[in-house]
1. Can you find a residue in the range 29-40 that is over 22 Å from the mean Cα position of the chain (by Cα) and part of a helix (DSSP H, G or I)?
2. Go through the range 55-74 and give me each residue that's free of Cβ contacts under 8 Å to residues at least 24 places away in the same chain and either touching a Cys at 6+ places or on another chain (Cβ under 6 Å) or surrounded by 11 or more Cβ atoms within 10 Å (Cβ to Cβ) (or both).
3. Restricting attention to the range 61-81, and to residues there that are at pLDDT 95 or above and among the polar types (S, T, N, Q), which single residue is farthest from the chain's Cα centre (by Cα)?
4. Exactly one of these conditions fails for Arg24: (1) part of a helix (DSSP H, G or I); (2) surrounded by 11 or more Cβ atoms within 10 Å (Cβ to Cβ). Give me its number.
5. What pairs come out if I take residues in the range 27-41 that are modelled with pLDDT of 90 or more and pair them with residues that are in a helix (DSSP H, G or I) and charged (D, E, K, R) whose C-beta lies under 6 Å away, six or more apart or interchain?
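The values are calculated or read from the model by the stated rules, or taken from the named source; none is laboratory data. Just so you know, these numbers come straight off a predicted model, no measurement behind them. FYI the Cβ positions are ideal-geometry reconstructions off the backbone, even for glycines, and counts take in every protein chain you see.
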Amino acid sequence: MKIKIISSQVAEWYYETSKAYAERKAYERGFSIGFEEGFRRAKTSMVKNMIMKFDFSDRNIVDIAEVSMEFVQKIRAELNK
């Protein structure tokens, strides 16, 4: 009888530990995705402002914002639509 109780307690502990681990990993992943999305939006906003307010060249924007030329050209094309 004691073995069944201990076995049940171990199973419950393992389940709770696994559940907590999964929840923590999901939270960390969500935080990471949210951070990356926020960073992407900030870069997009910065590039748009450099184009619209300051009329910087694509090369200057690439150097200042530390983004790719393709990224700048994509944003410029979207603004020119």
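1. As a first pass, look at the range 29-40 and keep what is over 22 Å from the mean Cα position of the chain (by Cα): none.
Looking for residues that are over 22 Å from the mean Cα position of the chain (by Cα) and part of a helix (DSSP H, G or I), one finds none in the range 29-40, hence no.
2. Of the range 55-74, the ones free of Cβ contacts under 8 Å to residues at least 24 places away in the same chain are 55-66, 68-70, 73-74.
Of everything in the range 55-74, those that are free of Cβ contacts under 8 Å to residues at least 24 places away in the same chain and either touching a Cys at 6+ places or on another chain (Cβ under 6 Å) or surrounded by 11 or more Cβ atoms within 10 Å (Cβ to Cβ) (or both) turn out to be Phe56, Ser57, Asp58, Asn60, Ile61, Val62, Asp63, Ile64, Ala65, Met69, Gln73, Lys74.
3. Looking at the filtered set, the residue picked out is Gln73.
4. Condition not satisfied by Arg24: (2).
5. So the pair list comes out empty.
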